[in-house]
Amino acid sequence: MPLMKSWVSSANSTAHPFPLNNLPYGVFSVDSDDPRCGVAIGDMILDMQAAEETGLIQLGDVPLFDVPYWNDLMEEGPAVWAALRDRLTALLSEGAAEQEKVEPLLVAASAAELHMPFAVSEYTDFYAGKNHAFNVGTMFRGPENALPPNWLHIPIGYNGRASSVVVSGTDVRRPWGQLKGPNDDKPRWAPCARFDIELEMGAIVGTPSEGPITVQEADDHIFGYVLLNDWSARDIQAWEYQPLGPFQAKATANTISPWIVTKAALEPFRCDTPEREVELLDHLKDCGPMLYDIDLEVTMAPEGKNATTIVRTNYKEMYYSAAQQLAHHATSGCPMNAGDLLGSGTISGSTKDSRGSLLELSWGGKEPLTLDTGEERSFIADGDTLTLKGAAKGDGYTIGFGDCTGTVLAALEDPYAR
């Protein structure tokens, strides 16, 4: 599909992340106004609450955009999702008959503050990138035992904290925790010294489920995608994770990009998961292209200095798709809710510069990175700003998510000091 032309001229740039082909969903505010739902088009935002109030958008008898989140629309299901996309396309296309009615409802993105685009119901993070799992396993168990016995059969994951999910631009405080190094006699209480990122994609569940669903049904239930940074305290994790897995090491924050890119916008970029080394059981088998060709990168900027690109990879490196992750999550009968967020797991490629975490990039701290500023990093220093970027490249257009950014602040003074 080529670039679709809009009467919003900025949306017609081949490099702009928000062309008419995209139409991502977010929540914004201007000055002291209350946050409200908006749709990005070029360098403008369409005020969805105003569009509904004026009758330009009508999707039923009940208002869907009188709240500052997109969950109400999610719960309406795929038919209503498609109807909204069709209506937005008609209103914003070049030559639209109702252009004069829409123009007063546009807000300059440069004047807007962005907020959480949806209310996170539950959050689950997976460990479904093979290159990442192999790299981490090799560091701790050697290459011959890098992947756990179950890894090639099911997408491994853990239930996280929905309250930890924050929108891009939110500062992240370095956490305290129990640390115990391999040569320590006992644990100690200290700020995390090995703070890290994980480059991920987040899939947002739109349609609730009450029992097991197929992979195809799971794909139909997904509303859209965001970039996700799973901030990780590696030294806290090393002490706590056995035998039940990550806990406090993953509870500091999970930053998401401010715009939900709908599944419909990503349709032209579908691609297959990698060839299977072990045949999956029937309920997890691929039923078509379920991954997406999305270029990803991470930059790191020391405080007050220019950023260095430290990672370049692609979402198609995943071993399990979001649809397979969602289908597996529901196998036990676990209810899935509108607004559930599924983290893909760290997305790493096969080369060193495509590894999606500092743990891998510095090989556990043994091979520090040298930034363009000349400084070295094994893990994140206070004041560093980490930014995730993602873009799917189409025929004369780009589908973007908006930057997923967070700056690490120094740990608080010991909260338990007497």
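Worth pointing out:
- Test: residue in segment 302-314 that is free of Cβ contacts under 8 Å to residues at least 40 places away in the same chain and among the β-branched types (Val, Ile, Thr): yes
- Single residue of VAL261, VAL278 found to be among the β-branched types (Val, Ile, Thr) and open to solvent by 20 Å² or more (accessible area, probe 1.4 Å): VAL278
- Residues that are modelled with pLDDT of 95 or more and open to solvent by 20 Å² or more (accessible area, probe 1.4 Å) number at least 1 in the following strands (runs of 3 or more DSSP E) confined to segment 51-165: 106-108, 113-115, 157-159.
- Among the criteria (1) within 29 Å of ASN150 (Cβ to Cβ); (2) over 14 Å from the mean Cα position of the chain (by Cα); (3) in a strand (DSSP E or B), the one LYS316 does not fulfil is (3).
- Restricting attention to segment 344-383, the residues being farther than 23 Å from LYS130 by Cβ and among the hydroxyl-bearing types (Ser, Thr, Tyr) number 3.
Yes/no per residue for (1) in contact with a Ser or Thr (Cβ under 7 Å, 6 or more places away or on another chain); (2) basic (Lys, Arg); (3) modelled with pLDDT of 95 or more:
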{"position": "ASP272", "(1), (2), (3)": "no, no, yes"}
{"position": "GLU275", "(1), (2), (3)": "no, no, no"}
{"position": "ASP282", "(1), (2), (3)": "no, no, yes"}
{"position": "ASP293", "(1), (2), (3)": "no, no, yes"}
{"position": "LYS305", "(1), (2), (3)": "yes, yes, yes"}
{"position": "THR313", "(1), (2), (3)": "yes, no, yes"}
{"position": "ALA327", "(1), (2), (3)": "yes, no, yes"}
{"position": "ALA330", "(1), (2), (3)": "yes, no, yes"}
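- Pairs, first over 30 Å from LEU114 (Cβ atoms) in segment 143-170, second modelled with pLDDT of 95 or more and among the aromatic types (Phe, Trp, Tyr), C-beta under 7 Å, six or more apart: ALA146/PHE134; LEU147/PHE134; PRO155/PHE126; PRO155/TYR320; ILE156/PHE126; ILE156/TYR127
- All of ASP286, ASP282, ASP293 fail the test of being of a type in the set (D, E, K, R) and under 20 Å from LEU228 (Cβ atoms), apart from ASP293.
- Number of residues in segment 10-41 that are over 19 Å from ALA112 (Cβ atoms) and not in a loop (DSSP other than H, G, I, E, B): the value is 1.
- Restricting attention to segment 214-237 and to residues that are touching a strand residue (DSSP E or B) at 6+ places or on another chain (Cβ under 8 Å) and among the hydroxyl-bearing types (Ser, Thr, Tyr), the residue that is surrounded by the most Cβ atoms within 10 Å (Cβ to Cβ) turns out to be TYR225.
- Those residues of segment 133-164 which are over 27 Å from TRP363 (Cα atoms) and of a type in the set (A, V, I, L, M, F, W, C), in sequence order: ALA162
- Residue that is nearest to VAL172 (Cα to Cα) [pool: residues in segment 364-387 that are touching a residue at least 40 places away in the same chain (Cβ under 8 Å) and open to solvent by 60 Å² or more (accessible area, probe 1.4 Å)]: ASP382
- Of all the numbered requirements in (1) closer than 22 Å to THR255 by Cβ; (2) surrounded by 24 or more Cβ atoms within 10 Å (Cβ to Cβ), ALA327 misses one, and that requirement is (1).
- Among the residues making up segment 1-46, those that are among the aliphatic types (A, V, I, L, M), open to solvent by 40 Å² or more (accessible area, probe 1.4 Å) and either within 19 Å of the chain's Cα centre (by Cα) or modelled with pLDDT under 95 (or both) are MET1, ALA15.
- Hits in segment 294-308 - residues which are touching a helix residue (DSSP H, G or I) at 6+ places or on another chain (Cβ under 9 Å) and open to solvent by 10 Å² or more (accessible area, probe 1.4 Å): ASP295
- Where a residue in segment 388-407 is at positive phi and its partner, wherever it lies, is modelled with pLDDT of 95 or more and hydrophobic (A, V, I, L, M, F, W, C), with Cβ under 6 Å and at least six apart: GLY396/LEU3; GLY402/TRP259
- Selection status of THR214, more than 27 Å from GLY349 (Cα to Cα) and β-branched (Val, Ile, Thr): yes
The values are calculated or read from the model by the stated rules, or taken from the named source; none is laboratory data. What you are looking at is a predicted structure, and each value in this text was computed from that prediction instead of being measured. Neighbour counts run over all protein chains shown; Cβ positions are idealised from the backbone, glycine included. In case anyone asks, the SASA skips ligands and DNA or RNA and just uses the protein heavy atoms, side chains included. Shrake-Rupley method; radii C 1.70, N 1.55, O 1.52, S 1.80 Å.
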